[in-house]
1. Say the dipole of segment 84-175 comes from +1 at the beta carbon of Lys and Arg and -1 at that of Asp and Glu; which of THR151, CYS168, GLY99 then lies farthest toward its positive end?
2. What full-extension length gain, to one decimal in nm, is calculated for ARG89 and THR137 as 0.36 nm per residue of separation minus the Cα-Cα distance?
3. Could you order peptides 130-141, 106-117 by the average number of other Cβ atoms within 10 Å of their residues, highest first?
4. Kindly provide log₁₀ I(q)/I(0) values, in the same order as q = 0.13, 0.17, 0.25, 0.26 Å⁻¹, from the Debye equation applied to equal alpha-carbon scatterers of segment 93-175.
5. Modelled label-to-label distance, GLU148 and LYS164, 7 Å Cα→beta-carbon offset: nm?
6. Compute the distance in nm between two label points, each set 7 Å from the Cα along the Cα-to-Cβ direction, one at GLN5 and one at LYS98.
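Bear in mind these aren't lab numbers, they're just calculated from the coordinates by the rules spelled out. None of the values given here were measured: they were computed from a predicted structure. Positions of Cβ are backbone-derived with ideal geometry, glycine not excepted, and every protein chain shown enters the neighbour counts.
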Amino acid sequence: MMRRQMKLAAVLVVVVLALTGFSTASSGGKGKSGKSSSSGGGGCSSSKKSNNGYRDTDYDDDYDDSSSSGSSGSYSTPTPTASDAPAVRVIRCAAPRKGKRKAVTSSLIEVRSNDRYTQAYEIDVRFVDARGNTVDTAEATTTLDSGEEDTLTVRMDSPGKVSKVKRCEVTAKAV
């Protein structure tokens, strides 16, 4: 009989705790992901429930100190965004000899800086055949101020392959 009463008391305690919103989950610990987490339960009140006119959501929602992650004092190096990438275009591509016209073994490339600061750029040119295969490559570097433009002559590394070139593809990245 005593054992039956103990079981009933234990069940009643669990039911009462469940109905009042009491949670055994920890608050502010680290989960498997390593990020801080906070549960809405804990105690007999929740952030959604009223507590004598005071609501947990009365604070300014713009301030959230849980958004700072990582160790204090650590800074990350900003990476270039799409808007910071330089604008590049091919003005003239290398071309094989045609009639009396001599072969042109270099490309004329225009680079315009979109960065807010002075930045060095590496310009890579691929000389491509009719099938899209790379015939040759070349690269150049330039340093530009904010909004500045530069026109570069980029010479083929292997000018003897100019007869296969049909078009040029250019990319640029900050270095």
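1. GLY99
2. On the way: separation 48, 0.36 × 48 = 17.28 nm, distance 1.60 nm.
In short, 15.7 nm is gained.
3. Packing order, densest peptide first, comes out as 106-117, 130-141.
4. Here the Debye-derived log intensity ratios amount to -0.44, -0.67, -1.09, -1.15.
5. 3.7
6. Once both label points are built, they end up 10.5 nm from each other.
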